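Participant: Take this structure, written in structure tokens, and hold onto it; I'll ask about it next.
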Amino acid sequence: MFGDLSGMMSKLKDAQKNIEETKARLNTVLIDGEAGNGLVKVTVTANRTVKNISIDASLTDNEEIEDYLVIALNKALDKANTVNEAELAAAAKDGMPNIPGMDMFK
């Protein structure tokens, strides 16, 4: 029915390995977000881990800092999410066996 079952299992293992390697690589992909014309900057990995936060010394209002920080983090995390999803989908698709009717990664 499915042809070479052991071959498909091997491809699935390769796909899993490819996904794990991609996840590790995404830890090194840095994405920036900023707010307040660069007064607050954040850097996250494509796996959505915060790596750095920079707040300009001219900002002294805590409420303003918090608002800018939320905006900058959301921008960076949105970009990171897009990169993460695209990279993991590509990694999974490249290693998947060709099973008729199972086009999950279009």
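Only the coordinates and a few stated rules stand behind these numbers; no lab work does. Since we're looking at a predicted model, the values are computed, not measured. Here the Cβ is made from the backbone with ideal geometry for all residues, glycine too, and neighbour counts use every protein chain on show.
Participant: Whole-Hz ³J(HN,Hα) for each residue in the stretch 33-39, computed from phi via Karplus 6.51 cos²θ - 1.76 cosθ + 1.60 with θ = phi - 60°, x for glycine and proline: what do you get?
Facilitator: Along the stretch 33-39, the couplings run x, 9, 8, x, 6, x, 5 Hz.
Participant: Roughly what % of Cα-Cα distances in the stretch 5-95 sit above 22 Å, to the whole percent?
Facilitator: Percent of Cα pairs beyond 22 Å in the stretch 5-95: 42.
Participant: Per 0.36 nm of contour for each residue apart, how much would the distance between S10 and A24 grow if the chain were fully extended, relative to their Cα-Cα spacing?
Facilitator: Taking 0.36 nm per residue and subtracting the Cα distance, the gain is 2.9 nm.
Participant: Something else about it: Note down the nm distance, to one decimal, between modelled labels 7 Å out along Cα→Cβ at L59 and at D94.
Facilitator: Placing both labels 7 Å beyond Cα along the Cβ direction yields 3.7 nm.
Participant: Another question, then. Quick check on my link table: of K17/K75; K11/K79; K23/K75; K13/K51; K13/K75; K41/K93, which ones sit more than 25 Å apart, alpha carbon to alpha carbon?
Facilitator: Values: K17/K75 30 Å; K11/K79 30 Å; K23/K75 21 Å; K13/K51 31 Å; K13/K75 35 Å; K41/K93 34 Å.
Over 25 Å Cα-Cα: K17/K75; K11/K79; K13/K51; K13/K75; K41/K93.
Participant: Could you put E34, E66 in order, starting from the residue whose Cβ has the fewest other Cβ atoms within 10 Å?
Facilitator: So the residues, fewest neighbours to most, are E66, E34.
Participant: Working out 0.36 nm times the residue gap between I71 and N37, then minus their Cα-Cα distance, what length gain in nm do you get to one decimal?
Facilitator: 11.1 nm
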